[in-house]
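The values are calculated or read from the model by the stated rules, or taken from the named source; none is laboratory data. Please read these numbers as outputs of a predicted model, since none were measured by experiment. Don't worry about glycine lacking a Cβ; one is built from the backbone with ideal geometry, like all the others, and counts go over all protein chains shown.
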Amino acid sequence: MISVWLHRPRFLHLGLFVAGYVLGCAFANVLGIVPGTSIAIWTPGGLFMATLMLASTPSWPWWVLAGCVGELIGQFLWFHSPLPASLLMYVGNALEAVAGAWLVIRVCGRPVRLETLKEVLAFVVLGAGIAPAISATVGSATLAWFDIKSQTFTAAWPLWWIGDATGVLIVAPLALDVFQNWHGNSQLSAARWVEASVLGLIFLGVAALSLSGYLPFAYIIMPPLLWAAVRFELRGAAVTLIVLALITAVFTISGASQFAGDPESQRQRQIMLQLFLAISALSALIVAAISRQHQLAVLKLRQSERSLRDLVETLPALIWCAAPDGKPIYFSQQLSGFIGFGDQDVADTSRIVNVLDAIIHPDDLAAVKKLFAHSLATGEPYAQKHRLRRFDGEYRWVEIRAAAMRNSDGAIMQWNGVCLDIEDQVRARDDLRLAQENLARASQAASLAELSASIAHEVNQPLAAIVANSHAGQRWLMAAPPNIERAQKRIERIIQDANSAADVVSHIRALFKHSIETRTSTTLASVIAEARDLMAEEAARRRVRMDVDVESNLPFVTLDRVQIQQVLINLIRNGMDAMDSATGDRVFGIRVRRMGDVVQTEISDHGPGVSFPDRIFEPFFTTKEHGMGMGLAICRSIVESHGGRLWAENNEPHGATFIFTLPVDATADAPASRAAGNQNRAS
Ligand code: ADP
């Protein structure tokens, strides 16, 4: 009881509800054209049910009480039934409203908005179908019991039921919309207002013409009614339905409507009128719900599209998509901004195709096209690093990755890719490499200086002794008479000292040679591949192409892997240095093949060629500003320590080829079974 009191609605609202209820009774009364029933469309029923659907359940007793007041006023003013009969009929009406609201809320949950097909169907079946049956039963029984206007139960029931159902269908949707959007601002644009006005005029015209009999068929109102439902959803449907009901009432009361007739056919015509309004309401509400559902789905789709777009645009990567044939179909704004594409380019992606060739660095274009064509042909993921021209004309290193998006049959629908600006990484790596090179050079120089000092120190002692003994020997020989015996002793000492100096030198040479134990039996193919991989980045940076051609089934050779790699890297780097100043093809080749009982490796470049072929292998011979002149000397000593030879030849018309041989390992098995991938041709 306390809870009911606590949930008391505001008196203003209760008062407005009573007023609305009485007004509904008046409308029902004027449309009651069948003699003896007084009622054609029970509009208060719709208002009552909509109010309960929105009010909290504990407040329902208040609304039921207010409804009773409204009903009694209506009875007093227009229907004049005896009080007990009026109260009984109100019980039926209240039960209808309570049952209808409760059932609809139970199926759809709160708040009831009639926005989905499920809500509309629940409302139509439960609120406008089943609930009015309660009121029709109680009301018709009351009429028959009190013998009001000589009505029988069976004659009154259908008219009552369909009258209440129509009232619910026509009034409840408008009431729901008005109550729920009372404070909401109308968000109609000017164009929509124009459309609404045009629609209103057409609707009024067609309704007036059809109901007054100028047009043959009342249902001709359907197109404008459905137009309102499709374009303006529940509100459009609800407003047009009320207007339709009012126009129908006006024409029927004035006798002009197709639904007005002589007393004999009036009953039949009244059912036709109720059916007309009920069918119109049903159709309009269902169409409005479908339209709303469609709108919500479109809205949801747009929202998810927007959030997807936001995601794409805020990711720290440049996104693009291409058709299965590789033609660009989408560039994210970030990517367009990076490249400097305008809105027109993005809208018309065919323009992009022409521009792409121009923005990829010319040196990288062929490789990019080749790899992308390969991915398009095979469907394999694409990954490539190359330079791309930014909007300001600067070439930046980027990493592009793309993968195919396939449908359920496996067919490629589109290519999705990302483009990452890796310029800073590449630059940092280059700086690091340069620093490492400088460090290596510095430590090489330092250890060379250290080595020279120790050689000088070690060799200096025997040399000093040799000089001293030579002087002494000379003195003994020049003495008169010459002391041959003593001079001979000095010469023996000189020989001893010279031998120990030679020992020092041979010890130092031994330091350069790796131990024989680190050597393994292998084919050169894998060593060459490793050296090529090690130099690949430097080659790309210095824009030099490497053509590697390794004969298949090379025999095994015994080698120190690290030392032979050192030789290869030295010769490759010398070749690159030589081509730095060259203007022609920046290509050098590495060719490996068997020549009798040796494996021969040729490293040729397109540089200016060797100017001093006899001297370049001498230690400390260099023509480079910062060269040390030890590289080729060390290479030769390594190759010779492997039992091979290293020499240089000049090419025609220009360039040099450095050739070294390594003896075939006679003790090893046939290589084909042990070495995989000896045929190693790459560029
Ligand atoms: P560095 O590279 O420190 O000068 P090297 O012993 O490796 O020492 O080379 C000695 C010299 O041989 C170089 O200074 C250069 O004049 C010459 N040389 C080496 N490789 C080539 C080449 N591929 N083409 C022309 N000259 C070369």
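Per the conditions (1) modelled with pLDDT of 90 or more; (2) buried (at least 18 other Cβ atoms within 10 Å of the Cβ), the sole criterion not satisfied by Phe341 is (1). Ala256 fulfils the conditions (1) over 30 Å from Pro111 (Cα atoms); (2) assigned to a helix (DSSP H, G or I) except for a single criterion, (2). Here Arg401 does not qualify as closer than 19 Å to Val426 by Cα and in contact with a helix residue (DSSP H, G or I) (Cβ under 7 Å, 6 or more places away or on another chain). Set side by side, the residues Val30, Val69 differ, and just one is β-branched (Val, Ile, Thr) and either touching a Pro at 6+ places or on another chain (Cβ under 9 Å) or in contact (Cβ under 8 Å) with a residue 60 or more places away in the chain (or both), which is Val30.
Going by the conditions given, is Leu87 of a type in the set (A, V, I, L, M), without any contact (Cβ under 8 Å) to a residue 40 or more places away in the chain and out of contact with any helix residue (DSSP H, G or I) (no Cβ under 6 Å at 6 or more places or on another chain)? In short, yes. Per this entry, Ala675 is counted among residues that are more than 9 Å from the ligand (Cβ to nearest atom) and either at pLDDT 80 or above or not aromatic (Phe, Trp, Tyr) (or both).
Given the structure, is Phe588 modelled with pLDDT under 90, surrounded by 18 or more Cβ atoms within 10 Å (Cβ to Cβ) and in contact with an Asp or Glu (Cβ under 6 Å, 6 or more places away or on another chain)? Spelling it out, Phe588 is indeed modelled with pLDDT under 90, surrounded by 18 or more Cβ atoms within 10 Å (Cβ to Cβ) and in contact with an Asp or Glu (Cβ under 6 Å, 6 or more places away or on another chain). Within segment 606-624, the set of residues being at pLDDT 85 or above and farther than 28 Å from Arg545 by Cβ comprises Arg615, Glu618, Phe621. Restricting the search to helices (runs of 4 or more DSSP H) fully inside segment 68-159 and requiring at least 2 residues that are among the small types (Gly, Ala, Ser) and on the phi < 0 side of the Ramachandran plot gives 83-108, 131-146.
Condition (residue is in a helix (DSSP H, G or I), more than 17 Å from Met272 (Cβ to Cβ) and over 51 Å from the mean Cα position of the chain (by Cα)) applied to segment 219-238: is it met by at least one residue? For segment 219-238, residues in a helix (DSSP H, G or I), more than 17 Å from Met272 (Cβ to Cβ) and over 51 Å from the mean Cα position of the chain (by Cα): absent. Considering only residues in segment 650-660 that are more than 9 Å from the ligand (Cβ to nearest atom) and more than 15 Å from Ile572 (Cα to Cα), the one that is modelled with the highest pLDDT turns out to be Asn651.
Of all the criteria given as (1) outside any strand (DSSP E or B); (2) under 18 Å from Gly337 (Cβ atoms), the one not satisfied by Gln425 is (2). Scanning segment 603-622 for residues that are hydrophobic (A, V, I, L, M, F, W, C) and closer than 9 Å to Asn650 by Cα yields a single hit, Val610. So for segment 152-164 (the condition being surrounded by 23 or more Cβ atoms within 10 Å (Cβ to Cβ), of a type outside the set (Phe, Trp, Tyr) and touching an Asp or Glu at 6+ places or on another chain (Cβ under 9 Å)), does at least one residue qualify? Yes, segment 152-164 contains a residue that is surrounded by 23 or more Cβ atoms within 10 Å (Cβ to Cβ), of a type outside the set (Phe, Trp, Tyr) and touching an Asp or Glu at 6+ places or on another chain (Cβ under 9 Å). Has segment 590-600 got any residue that is assigned to a loop (DSSP other than H, G, I, E, B), out of contact with any Ser or Thr (no Cβ under 8 Å at 6 or more places or on another chain), within 7 Å of the ligand (Cβ to nearest atom) and among the small types (Gly, Ala, Ser)? Among the residues of segment 590-600, not one is assigned to a loop (DSSP other than H, G, I, E, B), out of contact with any Ser or Thr (no Cβ under 8 Å at 6 or more places or on another chain), within 7 Å of the ligand (Cβ to nearest atom) and among the small types (Gly, Ala, Ser), which makes the answer no.
Which residue is nearest to the ligand (Cβ to nearest atom), if the candidates are limited to segment 601-640 and must be touching a residue at least 40 places away in the same chain (Cβ under 8 Å) and surrounded by fewer than 14 Cβ atoms within 10 Å (Cβ to Cβ)? Restricting to residues being touching a residue at least 40 places away in the same chain (Cβ under 8 Å) and surrounded by fewer than 14 Cβ atoms within 10 Å (Cβ to Cβ), the top hit is Lys624. Yes or no: segment 562-581 includes at least one residue that is assigned to a loop (DSSP other than H, G, I, E, B), of a type in the set (Gly, Ala, Ser) and surrounded by 14 or more Cβ atoms within 10 Å (Cβ to Cβ). No, the conditions are met nowhere in segment 562-581.
A quick yes/no check of all residues on (1) in a loop (DSSP other than H, G, I, E, B); (2) at pLDDT 85 or above; (3) surrounded by fewer than 16 Cβ atoms within 10 Å (Cβ to Cβ):
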residue	(1), (2), (3)
Gln474	no, yes, yes
Gln488	no, yes, yes
Ala498	no, yes, yes
Ala501	no, no, no
His507	no, no, yes
Leu534	no, no, yes
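The C-beta contact set for segment 383-411 (first residue more than 12 Å from Gly340 (Cβ to Cβ) and at pLDDT 90 or above, second residue among the aromatic types (Phe, Trp, Tyr) and assigned to a loop (DSSP other than H, G, I, E, B), distance under 6 angstrom, 6+ apart or interchain) is empty.
Can you pull out the residues in segment 536-561 that are assigned to a loop (DSSP other than H, G, I, E, B) and either within 16 Å of the ligand (Cβ to nearest atom) or under 29 Å from Ala366 (Cβ atoms) (or both)?
Residues of segment 536-561 that are assigned to a loop (DSSP other than H, G, I, E, B), as a first pass: 542-544, 551-556, 560.
Hits for segment 536-561 are Arg542, Arg543, Val544, Glu551, Ser552.
State whether one or more residues within segment 188-203 are touching a Ser or Thr at 6+ places or on another chain (Cβ under 7 Å), within 19 Å of Cys25 (Cα to Cα), of a type in the set (A, V, I, L, M, F, W, C) and surrounded by 14 or more Cβ atoms within 10 Å (Cβ to Cβ). No.
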